[in-house]
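The values are calculated or read from the model by the stated rules, or taken from the named source; none is laboratory data. Being a predicted model, the structure only gives us computed values, none of them experimental. Backbone-built Cβ (ideal geometry, glycine too); neighbour counts: all protein chains shown. Areas reflect the complete protein model, heavy atoms only, side chains present, ligands, DNA and RNA absent. Shrake-Rupley method; radii C 1.70, N 1.55, O 1.52, S 1.80 Å.
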Amino acid sequence: MISALLLLAAAQPDQLAHISRFYKPGATPSSLELYLSSMDGTKSRKLAMEQTPIGVSWLGKDRLAVHTQVGVYVGSIKSWKPKLVMETAYYQLALSENRTSAPGVVQLAKYEDGDNAILNAKTLKIDPMDYSKVPEPLDAVDGKYSVTEPNGAALTLEFGKSIEFPSKSTSDKRSYFFQRGWNMPKGAGKQLFLLANSESLVSDENLNSMLLLEKSKKPRVLFGYADSFDFWFQRPTFAYTTKQIETPLNPKNKKSSLVLTNELRVGDWTKGTERKVFNGPVRTVSVAIRP
């Protein structure tokens, strides 16, 4: 019964917004398109756009904000007729690694200086970032974060500096560089989440990782080498895209052309589960879970 309920929940429509390119056989053209689907990738539907979509975020529970080269479009998923918000011409959706706003709140970043702002859900005007409504970060003194992790070990964290894991597995061939972190609110368990750049010790790749330190447990990497992601530390589900690689469009043909592909994956950090959403040649550049 429980398994059936979980499968039913995973198959609920319009839970996952993503921008993907599904490659087609032969010379048939394909491009990045905006889609809505269930969390398991089924019940997928394409949402038409005048401009090529680049990034997507939820605005509340029933609207999407879609970044394009000319600005941000906003539309209701119930009657999809997106309109360009003219004031956003000089803004983009904040990159995954820089987002601090809660699900359903659209965070923008200005092209010129990277300053953060919020797209007002009622007026669709650009408001200054209200930092009183973002998660309280780890306390810093002189640019360094002195943190006691859930198992009692002292950690010193500094932006861009390597993180020394307590009891870190020797099989993990990555080095992690701290970006920011959050303590789970009091009364909700003892967890410390750390967002880091993950650098492979055997290559020059440098992408994002989310690390979790919990009481009475070994440190975990919730996801690593992520290009883009949607993660909120107070929500169990997360989604991310893996690094892009070149793969044959037709694996059975040795002379097949190469295309850029990656994987869209969804998981639940409380259960320690994760799954790939799609099979076949596809490239996903942005993903957002419905609040």
Original post:
R0 = 25 Å: FRET efficiency of residue 54 with residue 253, Cβ-based, nearest 0.05?
Top reply: 0.20
Original post:
With each label point set 7 Å from Cα along the Cα-Cβ vector, what nm distance links residue 161 and residue 90?
Top reply: 3.6 nm
Subject >> Cross-link partners of residue 43 among lysines (Cα-Cα below 21 Å; sequence separation of 8 or more within a chain) >> reply: 24, 61, 78, 81, 276
**OP:** Pop a pseudo-label 7 angstrom from the Cα along the beta-carbon direction at both residue 32 and residue 100 and give the gap in nm to one decimal.
**Re:** 2.6 nm
Original post:
Given labels modelled 7 Å from the Cα in the Cβ direction, how far is it in nm from residue 78 to residue 45?
Top reply: 1.3 nm
Subject >> Between segment 107-153 and segment 249-266, the Cα center-to-center distance that results, in Å >> reply: 38 Å
**OP:** With +1 on each Lys and Arg Cβ and -1 on each Asp and Glu Cβ, and nothing else charged, work out how big the dipole of segment 188-291 is about its Cα centre, in Debye to the nearest 20.
**Re:** 460 debye
Original post:
Of 94, 128, 228, which is farthest along the charge dipole of the chain in the positive direction, counting Lys and Arg as +1 and Asp and Glu as -1 at C-beta?
Top reply: 228
**OP:** Give a quick list of GluC sites (Glu not before Pro) in segment 103-183 that DSSP marks as loop, anything other than H, G, I, E or B, with at most 12 other Cβ atoms within 10 Å.
**Re:** 112, 164
Original post:
In percent, how large is the relative contact order of the chain, given Cα pairs closer than 8 Å and 6 or more residues apart?
Top reply: 15 percent
Original post:
Using the C-alpha atoms of segment 62-101, what convex hull volume per residue, in cubic angstrom, is computed?
Top reply: 79 Å³
Subject >> Carbon/sulfur fraction of accessible area - the chain, other protein chains in place, 1.4 Å, % >> reply: 52 percent
Original post:
Accessible area per residue, 1.4 Å probe, Å², for the chain: what's the number?
Top reply: 55 Å²
Original post:
Considering the chain as a Gaussian network with a 10 Å cut-off on Cα pairs, which listed residue, 222, 36, 124, attains the greatest mean-square fluctuation?
Top reply: 124
**OP:** For the chain, report the translational diffusion coefficient in µm²/s to the nearest whole number, using Stokes-Einstein at 10 °C, 1.306 mPa s, and a Kirkwood Rh over Cα pairs.
**Re:** 78 µm²/s
Original post:
Using a simple charge model, +1 on the beta-carbon of Lys and Arg, -1 on the beta-carbon of Asp and Glu, nothing else, what dipole does the chain show about its Cα centre, in debye to the nearest 20?
Top reply: 1160 debye
Original post:
What residue among 181, 272, 71 has the largest mean-square fluctuation in a Gaussian network model of the chain, using Cα springs under 10 Å?
Top reply: 272
Original post:
Order of 228-240, 41-53 by packing, highest average Cβ count within 10 Å first?
Top reply: 228-240, 41-53
**OP:** Specify the residue with the greatest mean-square fluctuation among 72, 106, 221, computed from a Gaussian network of the chain linking alpha-carbon atoms under 10 Å apart.
**Re:** 221
Subject >> Assigned charges on the beta-carbon of Lys, Arg, Asp, Glu; segment 48-99 dipole about Cα centre (debye) >> reply: 240 debye
**OP:** Pop the C-beta distance of residue 270 and residue 154 into the FRET formula with R0 = 22 Å and round what comes out to the nearest 0.05.
**Re:** 0.25
